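Read through the structure below, which is laid out as structure tokens, and then see the notes.
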Amino acid sequence: MTDKPGRLAAYWERQLDKMDERELRHARRLPGWRNRRHRRPLVAVLVAADLGLIVSASIFTTRNDWVYGAVWMSSILAGSGAFVLLRILTGRMSGGFSRLLDEREREWRHRVTYIGFQILSYLMIVAMIYGLLVADTEDGGVRGAMMLSALLVTGTTMPSIVLGWSLPDDDPADFEEGGGE
């Protein structure tokens, strides 16, 4: 009989090591941008993109409507770019488990994850109410699903938004230590 729990634990250790390597590779990107002056405009772009998704979901119809498509796609593109940059600039603190976070970063991550969960829960209630209100309208099911997806994306960006806005500036000395890399 094979040692299945042992093999599974070894597999997860290898996966965590790969994640650690990836995070270390990205951790030193854009050191000059790791301050509020650069993060806050990205937060504003991400919030505007989230609002664009919500607005486009509220005007959605199955007719050939270029306004919906233009607003939806521009919001997705702008929001994706801002989200990726914020994830890099906040050190991926809002992401999943990381063995590389110190105590202060873990505390920030726990705090913003809890805030994000609360906001996401409320947004799902809003999506449910919206779905009930548009259920009897033309394309009600599709419109409800579009609003659900817009609010879900908005809710999942909340931890990055909170971190990007409120995280203190990084210490430049942290990036000078490994200057030869």
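The values are calculated or read from the model by the stated rules, or taken from the named source; none is laboratory data. None of these values were measured; they are calculated from a predicted model. Neighbour counts are summed over all protein chains in view; Cβ atoms, including those assigned to glycine, are modelled from backbone coordinates with ideal geometry. These accessible areas exclude ligands, DNA and RNA; they are computed on the full protein's heavy atoms, side chains included. Shrake-Rupley method; radii C 1.70, N 1.55, O 1.52, S 1.80 Å.
A few remarks follow.
- Flag if residue 57 is open to solvent by less than 60 Å² (accessible area, probe 1.4 Å) and either at pLDDT 95 or above or basic (Lys, Arg) (or both): no
- Residue within region 86-100 that is within 30 Å of residue 142 (Cβ to Cβ) and either modelled with pLDDT under 90 or not charged (D, E, K, R) (or both) present: no
- Some residue of region 114-131 being closer than 27 Å to residue 34 by Cα, surrounded by 15 or more Cβ atoms within 10 Å (Cβ to Cβ) and in contact with a Leu (Cβ under 9 Å, 6 or more places away or on another chain): yes
- Considered as a group, the residues in region 151-161 that are open to solvent by 30 Å² or more (accessible area, probe 1.4 Å) and without any contact (Cβ under 8 Å) to a residue 60 or more places away in the chain include one that is nearest to residue 125 (Cα to Cα), and that residue is 152.
- Scanning region 60-73 for residues that are exposed (fewer than 15 other Cβ atoms within 10 Å of the Cβ) and either part of a loop (DSSP other than H, G, I, E, B) or modelled with pLDDT of 90 or more (or both) returns 61, 62, 63, 64, 65, 73.
- From the options 158, 128, 124, 93, residue that is over 15 Å from the mean Cα position of the chain (by Cα), of a type in the set (A, V, I, L, M, F, W, C) and closer than 21 Å to residue 47 by Cβ: 124
- Residues of region 32-54 classified as under 22 Å from residue 159 (Cβ atoms) and either open to solvent by 40 Å² or more (accessible area, probe 1.4 Å) or out of contact with any helix residue (DSSP H, G or I) (no Cβ under 7 Å at 6 or more places or on another chain) (or both), total: 13
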